[in-house]
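Worksheet: the structure to be examined is printed underneath.
The values are calculated or read from the model by the stated rules, or taken from the named source; none is laboratory data. Bear in mind that the values here come from a model prediction, so they are computed numbers and not experimental data. Cβ: placed from backbone, ideal geometry, glycine included. Neighbour counts: every protein chain shown.
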Amino acid sequence: MLRGWRRRCPNCGSGPMLKGYLSVRDQCPVCGEDLSHQRADDGPAYLSILIIGHIMAPLILWAFIRFRPDPLVLATIFAVGSVTLALYLLPRLKGMIIGIQWARRMHGFGDGSD
């Protein structure tokens, strides 16, 4: 999971897993591990929403009660914060999910059966 969080190959830990922001390489350029059959799908997006919601909801409540800002200012600040956090978390959570799949030998990793 830690190798996935760092967006590195789950097998060797040194090769880059992603070739873009969220595009997974077909294979690791260092060790040759086949990554083409990973199935991260919507998991990273769901986890991002879950984490961001649990962080931002108490913060927005606290900020509103403590400082009483204008609603537009509050919405702008928390929208920027939410988007920034989502952009940070998405590739890392995708790497983590692929790392879990690799460790559990799911979806073609390992012996070739699901």
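Could you look through segment 7-35, keep only residues that are of a type in the set (D, E, K, R) and surrounded by 14 or more Cβ atoms within 10 Å (Cβ to Cβ), and pick out the one that is modelled with the lowest pLDDT? My answer is 33. Among the residues of segment 38-57, those identified as exposed (fewer than 14 other Cβ atoms within 10 Å of the Cβ) and assigned to a loop (DSSP other than H, G, I, E, B) are 39, 41, 42. For segment 73-80, the condition of being in a helix (DSSP H, G or I) and in contact with a Leu (Cβ under 8 Å, 6 or more places away or on another chain) holds for at least one residue. Listed conditions (1) closer than 15 Å to residue 18 by Cα; (2) in contact (Cβ under 8 Å) with a residue 24 or more places away in the chain are all met by residue 86, apart from (1). Taking the criterion of being more than 19 Å from the chain's Cα centre (by Cα), modelled with pLDDT of 95 or more and not aromatic (Phe, Trp, Tyr), would at least one residue in segment 45-57 satisfy it? Checking segment 45-57: at least one residue is more than 19 Å from the chain's Cα centre (by Cα), modelled with pLDDT of 95 or more and not aromatic (Phe, Trp, Tyr). Taking the conditions (1) over 20 Å from residue 11 (Cβ atoms); (2) touching a residue at least 24 places away in the same chain (Cβ under 8 Å); (3) surrounded by 16 or more Cβ atoms within 10 Å (Cβ to Cβ); (4) among the aliphatic types (A, V, I, L, M) in turn, residue 60 satisfies each one other than (2).
Out of 31, 12, one residue alone is hydrophobic (A, V, I, L, M, F, W, C) and out of contact with any Ser or Thr (no Cβ under 9 Å at 6 or more places or on another chain). It is 12.
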